[in-house]
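Supplied in structure tokens, the structure appears directly below.
Values quoted throughout were computed directly from the atomic coordinates according to the rules given, and no laboratory measurement underlies them. No experiment lies behind these values; they were computed from the predicted model shown. Using ideal geometry, Cβ is built from the backbone for each residue, glycine included, and neighbour counts are taken over all protein chains shown.
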Amino acid sequence: MTNSRPILTLYGRTYCHLCDEMLAALEGLRGEHEFEIAVVDVDSDPELEARYDELVPVLVANGAELCHFFFDETAVSRYLRGACSSA
């Protein structure tokens with residue numbers, strides 16, 4: 001049986017307070033939606049660092065950016081509602 005919960009990927013840095021805030025906001029949605037969070041440190045990969053350097057945090061789902069810098073609860077909830085209803 002495969003896991004049908006959507007995966008949200010948070011690209012960030014270990015010393016980034018905005019990244020910590022976005023992760024906390026995501027955790028706050030756990031009561032409303034079931035999803036997985038993959039946290040990726042952009043500094044661990046030169047390609048990711050070049051792509052996301054000044055944009056972190058960046059939240060991505062299915063290859064599409066949901067938000068960056070600040071958490072967009074409306075966009076994330078809309079995505080999760082759609083992803084969960086199609087599962």
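If you fit an axis through the alpha-carbon atoms of helix 73-85 and take the longest principal axis of the Cα set of the chain, what angle between them do you get, 0 to 90°, nearest 10?
With rounding to tens, the tilt is 50 degrees.
For the chain, take the longest principal axis of its alpha carbons; what is the angle in degrees between that and the long axis of helix 17-28, to the nearest 10 within 0 to 90?
Long axis of 17-28 versus the principal axis of the chain: about 10 degrees.
Let me ask something else. Count the net charge of all other residues whose Cβ sits under 12 Å from the Cβ of residue 79, scoring Lys and Arg as +1 and Asp and Glu as -1.
Working: positive: 78, 81; negative: 65, 72, 73.
My count for the surroundings of residue 79 gives -1.
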